[in-house]
Structures are given as C-alpha cells and as structure tokens.
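Just so you know, all these numbers are worked out from the coordinates, no wet-lab data involved. Nothing here was measured: the structure is a model prediction, and the numbers come from that model. Every residue, glycine among them, receives a Cβ derived from its backbone with ideal geometry; neighbour counts consider all protein chains shown.
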Amino acid sequence: MNDIGIWITETLGTRVWRIIRIMVESFPKLLKPCLQITITLTLLSFFFGLILALILALVQVANIKGLKQFARFYVWIFRGTPLMLQLFIIFFGLPSFGINFNGYVAAVIAFSLNLAAYNSEIIRSAIQSVPIGQSEAGYMIGLNYFQVMTHIVLPQAARVAFPPLFSSLIGLTKDTSLASSITVIEMMSVAKRVAAVYYEPFWMYMEAGFIYLMICTILTKLQSYMERRLEWKQPAEEETKK
Amino acid sequence: MLGVKNIHKSFGSNQVLKGIDFEVNEGEVIAVIGSSGSGKTTLLRCMAFLEQADDGIFTFDDLSKDIRKTTKKEIKELRMKMGFVFQSFNLFRNMTALQNVMEGLTTARKIPKEEARETAMEMLQKVGMVDRADYYPDQLSGGQQQRVAIARALATKPEVILFDEPTSALDPELTGEVLEVMVKLAREGTTMVVVTHEMEFARNVADRVIFMEDGVVVEEGNAEEVLSNPKQDATKRFLRRILRKEEEE
C-alpha cells in the first residue's frame, strides 16, 4: 500500500514538475509571437477597420446616393461570408489574378475589411441614436451640417459606440488566431508547434489561452477606465464637489 | 417682419396645413393656440424650415420668396436671424450649459471665445442659470434645461424667437419658472411667436392670439378679445374644453 503511495507521489511529482518546467520554458516562446504578431495584427487591423467603418457609416447617414448603396452591399457581403473564407480568398485566391500578399499583409487586409462591415453598423446606429432634435437645434443656432456632425452628433455617437467597438476589438484579438491558417506565425500556431514538440497539448493550449485571457483582461480594464473618462457628467460634478 | 402666405403642407395623404397666412410685426408677441393635431407646431417648423412646406410664400424683412425655392444659403441666413425653442429643449448633451449657449456664437458666428463667454453668461444671468453654467443637461431639471435653451436662443441676438410648446414637456410645478422668463422677454420687447397651451400666458402676455384648427386659422385678433369673446364656434368649443381641464387640475 505504502509503496503504491510513494510511486503515485513520485510519478505525479515528476509529471507536475515536468509540466511546470515546460510551461515556464515555453512561456517566452508564446509571448514573443503574441507581442510581435497577435498584438500588432490586432491593432493594425482595428485601426484600418475603424477608419473604413467610419467612412461606410457616414456615407449612409449623410445619404449620399450611390455610396450609400455601395456601403449596404459591402456590409451584406462581409457580414454574410465567413472570416476564414475571406482570409483564404485574399491569401490563396487573389494570386490567381496575379495579386500576391504575404500572410501577414493578407491577414491585416482581411481582418480590416471584415471588421469594417461590423463596426460600420455599430457606428451608424450610434449616430442614429443621437436625437434628431439636437441636430435641429444646431441648425437653428446657425451651424452647418459639418459643424453639427463634428460638434454635436459624433462626440455623442462616440460614447454610444465605444463599448460595442471595444467588444469588437476584444473579439478581433482572438480572431487573429485564424491567421495561423494562412501561414502567419502568431501565438496560436506557435502553441500548436510547442504542443507537438513536448507532447503536452492540454497544458500548452491552456497556456496560450491564459495569455489571450490576460490580453483581454487588460483590454476590459482599459475599457471601463476609458468609459468613465468619456462620461460628460464627471467634470462638472467634480467641480461642484470642490 | 416675418410672415408666410398660403402655406400648404402634407405628410403623405394627411394635409396638415391648408393655406395659412400669418404675419409677425416687430416687438409683437403672438400666441398660436389650438388643439393638438391642428397644425400649429408644423406651421412653426415650416417657418424655421425644419419642415419643407409644399407651397406658399415666405417673407422675412425685405426677402419675399416662394417657399419651395428657398436656397440652402438663404435658409442658413434666415436661421441666423431666428431663435427656436423646442418642446423637448434639445440641449446638446455633450456640452455644459455655458457651452450650449456659446456654441452659436463661437462656431457659427466665429466670435472670439472670451467675448462669447461674456455674452453667454449674460444670457444665463437673464434666465437665472448662472450658478448652473458648468452643469451638463443631464444634471439639470426640465425647467432648468428649458431656461438654458432659451438663453441659447437669445445669445445670437435673433430678430424673432419661435417657441414650440416650451412648457408642454415639463412637470406642472416647473412650468412657472420658464413662463416667468418668457414674460420677462416679452416685456423687454422681444418679438416672439409662441405655440402654447398656457391660456393664462396667452391672455396676459400675447398681443395677438391665433386660433388654429384642422390646418387653417379659424380666428385671430387681440388676445383679450379672442380669449374672452370668441366669435367662432370652434374657438368657443376649444376654450370651453381647455377651461374645464384647467379647473379639473
């Protein structure tokens, strides 16, 4: 009985030590592609996706003929097809027309285009949530369309759009793992490789998951901090307290 | 000074204004009364070009024009000389009370910030809101918001201010403070067109009352006369109904 106990403790002990050692060893191996690829891929795609989304939303709100229909068509296409398929078309499909991108660039393009479709809907509905009466009040004090948009509508829409836009940023962070399917060496593909080397898939994927979770935790904290900063009530209330 | 002739406006198949003639003279306070759905708010909104009328002639000072052919530029110039106070206040929620009042001066009229601030504070003083200058609309009561909205309309020194049921969205105990401000403005000689349900205000302050029903002006004249001695049956019916409601309250 006692012997079995010792055997179990020893085996388990060795196993636990082995796993801890592997995890410590592999941590920098995972963190490097995370910082270099996953995070830059996320930020670049989000940046371009946001600019494109803003344009797509504004041409719809301003009701510009032709462009509005194009925006609706665009959203229809990019929301209606899988992100993975869009990645494949840009990376594997376009070369047959002589258009070649490396994996990283193809991923940035695909993520940006896909994200723009979703984010443009967020921005459009945020703009439309600002009561029309405020725009009318703006026109009545002599503002023009551009001034009404930049001074009144967009600042308020930004606050409404902020939480869902942040959600889409968090979603994108994890979706970048799809880039592993078009040869990009990001955190997920490294985790796959390391798992194969050590033959500890469970713990390797747990570790990668932990890093994703940490990034998203930081983003969530950042979100609630920025949301508080965006409150218009804050400054005046603080002033009155003084 | 400001007038419309033969204004028509339909929303779909619903004819809201059926040929309205209307004229405001300088320094005059006009109360537009009538039951809801009579078209009085639409009339006011057409005069501010917040609705595009289907037909009619628009006059403002020397300008007289087919209302359908007014250009964007002309509308903008007209609005520069007009103030508008909305039923739902419509303060800019991302700006403090002071910023709300300054916006028309700094952004639309390119007046230097310091000068604009001075004018804005003066206007807030006038409506008794100086101590709330740095508050955001969400932190103010309805009555306070409407007073700020009046200050915002005043700040640009308009030749005429249009009021669209300024107290209708307020709790009864808050209407007093807004009406008080409006009485003060009227006494100072501000040209005002007020769409209202406040009969007491109409009687005490308005020079002229216009009674609308079903898209036409049914009766118009001296306030005291129309309200105490209405000639038309429709006016009589309306006043009786309003009086009964006020007594019930």
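Listing for the model above:
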quantity	calculated
14 Å beta-carbon shell around residue B:128, net charge (K/R +1, D/E -1)	0
Residue among B:174, B:63, B:91 with the largest mean-square fluctuation in a Gaussian network model of chain B, springs linking Cα atoms under 10 Å	B:63
Radius 13 Å from Cβ of residue B:159, net charge of other residues (Lys, Arg +1; Asp, Glu -1)	-2
For segment A:1-74 versus segment B:17-40, the gap between their alpha-carbon centres in whole angstrom	63 Å
Most mobile listed residue (A:126, A:179, A:195) in chain A, GNM with C-alpha springs under 10 Å	A:195
Cα-based shape type of chain B, given that a ≥ b ≥ c are square roots of the gyration tensor eigenvalues and the cut on a/c is 1.5	oblate
FRET efficiency for residue A:69 and residue A:167, using Cβ-Cβ distance with R0 set to 30 Å, rounded to 0.05	0.60
Inter-part distance where segment B:46-66 and segment A:130-165 are each reduced to a Cα centre, Å	26 Å
Mean Kyte hydropathy of -1.0 or more with a Cα span along the axis of at least 20 Å, helices from DSSP in chain A	A:2-33, A:39-61, A:103-128, A:154-175, A:201-230
Neighbour-count order for A:26, B:168, A:177, fewest beta carbons within 10 angstrom listed first	B:168, A:177, A:26
Distant-in-sequence amide H partners of residue B:15 (H built 1.01 Å from N, under 5 Å)	none
Relative contact order of chain A, pairs being alpha-carbon contacts under 8 Å that are 6 or more residues apart, as %	26 percent
Those lysines that a straight Cα-Cα span of less than 27 Å connects to residue A:192, excepting residues fewer than 8 apart in one chain	A:29, A:32, A:174
Which of A:203, A:7 has the fewest Cβ neighbours within 10 Å, and the rest in rising order	A:7, A:203
Exposure proxy ranking, count of Cβ atoms within 10 Å, fewest first, for A:174, B:73	B:73, A:174
Size of charge dipole - chain A - debye, nearest 20, with Cβ of Lys, Arg +1 and Asp, Glu -1, no other charges	320 debye
Estimated [θ] at 222 nm from DSSP helical runs (n ≥ 4, -39500 (n - 2.57)) normalised by residues in chain A, nearest 500	-25500 deg cm²/dmol
DSSP-defined beta bridges in the protein assembly as shown - what % are antiparallel, rounded to 5	60 percent
Rounded, prolate or oblate (a/c below 1.5 giving rounded, otherwise prolate when a/b exceeds b/c) for chain A by Cα gyration tensor	oblate
Chain lengthening between residue B:220 and residue B:65 when straightened (0.36 nm per residue, less Cα-Cα)	53.4 nm
Peptide-level mean, for B:79-92, of C-beta atoms on other protein chains within 10 Å	4
Flagged links, alpha-carbon separation over 18 Å, of B:9/B:65; B:18/B:72; B:76/B:157; B:40/B:76; B:5/B:69	B:18/B:72; B:40/B:76
Residue-span extension gain [residue B:81 to residue B:242] - 0.36 nm each, minus C-alpha spacing	54.6 nm
Alpha carbon centroid spacing (whole Å) that separates segment B:69-109 from segment B:142-207	17 Å
